[in-house]
Amino acid sequence: MSNLKSKKLVSNLKFVYSDNNSISVVFQNNDLLMGVVGEFNSNLKELENLTNTSIYFRGNSILIKSDSGKNEIVKNAIQFLAEQFINNGSIEKKDIISSINKFMIEEKNNKSNKNVEYIIKTPKRSVIPRSERQKKYVRALKENDIIISAGPAGTGKTYLAVAVALTMLLEKKIERIILSRPAVEAGERLGFLPGDMKEKVDPYLRPLYDSLYDLLDYEKIQKRIEIGDIEIAPIAFMRGRTLKNSFAILDEAQNATDMQIKMFLTRIGENSKIVINGDPSQIDLPNKSLSGLNKSKKLLGHLKEISVIDFDHTDVVRHPLVTKIVKAYSDQNND
């Protein structure tokens, strides 16, 4: 059969999309339909097994029911098999396997291409956001001047922000990274800490160092700190400054007061970004009502230049148990 005739017959296939996550492939030619379905629906059963979908043969149509991605793969596979039947007069098992492999590979490549814009390449590793909210967060980190994010531990709030900041510094898009946290005791009595000011506050800021060392060699980080390209300091040190050509991150912002967050946000200067991160469920202030994180979200979330991202337990990327622990405590608080 000529390619022209093949295209004409296959073009007579109609695809009907429904709201219930299904696609109907409607055939105008009954012989072609039976060829694709196979004896005792064998071809459809093979397609079901290979794709873990539900496929039904009804009248002059084949109904595919699964998620949208799999629906498209099976739809394209059916069209491919229709062409095979027209050209060869039969469909073999290898044709079915080939049809699925072909479109699954294409789907995988398409997804990979879509994820390219979210990959953060640092000297030691490439960081890839693992959830849709993390992708939204990375996009906001690149596009917005101020980002406020809230959510449980392990959702990548600080790590992703530090990764984006580091790439911008290495690409000379900014001149300085400023990492800050409130120096608040988490219920423990730390008592007198010996040493100079840096040594006194370093225990509070250790998680920020850990993120940096995971993305760039220790010696290079130390050199950047020594020359001032990277500054790590308590939030109290930010008062009275204007941050130009900088990427500033306030971590553990649930332990910053309303006035401290306002002070930090108003440090923003020319060609700068400010990120506010925190976990509202881990407030260590003596009076929890003093926390300014949630208030800042409510007051500023309507401004188009400011992006507000709320993470939950589904975005946790640490040990799988962390997700379950976070959810358990969240459920308890909601009871």
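Data for the structure
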read-out: Mean shadow area of segment 9-104, taken as a quarter of the surface of its Cα convex hull (nm²); value: 5.4 nm²
read-out: Extension gain (nm, one decimal) between residue 266 and residue 206, 0.36 nm per residue minus Cα-Cα; value: 19.1 nm
read-out: FRET efficiency for residue 303 and residue 102, using Cβ-Cβ distance with R0 set to 56 Å, rounded to 0.05; value: 0.75
read-out: Sequence-distant residues sharing a close amide H with residue 232 (under 5 Å, placed H); value: 179
read-out: Additional length obtainable on full extension of the chain from residue 12 to residue 121, 0.36 nm per residue less Cα span; value: 34.6 nm
read-out: Sorted largest first, extent of segment 125-334 alpha carbons per principal axis (Å); value: 47, 42, 34
read-out: Using distinct alpha-carbon pairs, which all enter the 1/r mean, Kirkwood radius of segment 36-171 in Å; value: 18.1 Å
read-out: Contour minus Cα-Cα distance for residue 259 and residue 242 (0.36 nm per residue); value: 4.5 nm
read-out: Estimated distance in nm for a label pair at residue 31 and residue 56, the labels positioned 7 Å out from Cα along Cα-to-Cβ; value: 2.9 nm
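A short reminder: the numbers here are calculations on the coordinates, not readings from a lab. Remember, predicted model here, so these are calculated numbers, not experimental data. Don't worry about glycine lacking a Cβ; one is built from the backbone with ideal geometry, like all the others, and counts go over all protein chains shown.
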